[in-house]
Amino acid sequence: MDDFRFMNMQIWIDGVEVSDMLFDAADLADQKRYFKFAEQLRSAAMSITNNIAEGSGSFSDKEFGNFLNVSRRSVYECANILYPFNRRKIIDETILKKLLARLVVLSKMITNFRRTLLRVKKV
């Protein structure tokens, strides 16, 4: 069976790894009965990789770039959600810092891939 294009992309592979970590944080929120917070984090985490996958099926680089933009924005959404998770003691400071560090790297990877894809020079 042939793989889909996205399955060989490092940004998707890393996105899956980060999403697993975010799902672990969401599971901790479930344990404290913050079900809506948990679901919001899971949804945002899935959006990261879903948009990379969906965009990879585009017929144009410009269209793929738009999906990458949505994926990157979902990274930011996840980062934002983690702050109330930490403030509400769902995750501790160590987990927060680890997740934020991974999200920063993933955001940069998505940005750099998008720039390469669209051949846009850094301003």
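Any read-out appearing in this document is the output of simple, stated calculations on the displayed coordinates, not a laboratory observation. Keep in mind the model is a prediction, meaning the values are calculated, not measured. As a convention, Cβ positions derive from the backbone with ideal geometry for all residues, glycine included, and neighbour counts pool all protein chains shown.
Assorted remarks:
- Distance between the stretch 68-123 and the stretch 16-62 - C-alpha centres, whole angstrom: 12 Å
- From helices alone, the chain scores -28000 deg cm²/dmol at 222 nm; the rule is -39500 (n - 2.57) for each run of n ≥ 4 DSSP H residues, then divide by the residue total.
- Note on the chain: Lys pairs 8 or more places apart or on different chains, Cα atoms under 17 Å apart, count 10.
- Charge tally for MET21 (other residues, Cβ to Cβ under 10 Å; Lys, Arg +1; Asp, Glu -1): -1.
- Computed on the stretch 5-117, with alpha-carbon pairs under 8 angstrom and 6+ residues apart, the relative contact order is 29 percent.
- Rounded to the nearest 20 debye, the dipole magnitude of the stretch 5-117 is 400 debye, with +1 charges on Lys and Arg beta carbons, -1 on Asp and Glu beta carbons, and the Cα centre as origin.
- Length gained on full extension, GLN31 to ASN80: 15.6 nm, using 0.36 nm per residue less the C-alpha separation.
- In terms of overall dimensions, the C-alpha atoms belonging to the chain reach 44, 40, 19 Å along their principal axes, ordered largest to smallest.
- Here the 3J(HN,Hα) profile of the stretch 4-21, calculated from phi with Karplus coefficients 6.51, -1.76 and 1.60 at θ = phi - 60°, is 6, 3, 5, 5, 9, 8, 4, 5, 6, 4, 5, x, 5, 4, 5, 4, 4, 5 Hz, Gly and Pro shown as x.
- Overall form of the stretch 2-49: prolate. Here a/c, set by the Cα gyration tensor axes a ≥ b ≥ c, is 1.5 or more, and a/b is the larger of a/b and b/c.
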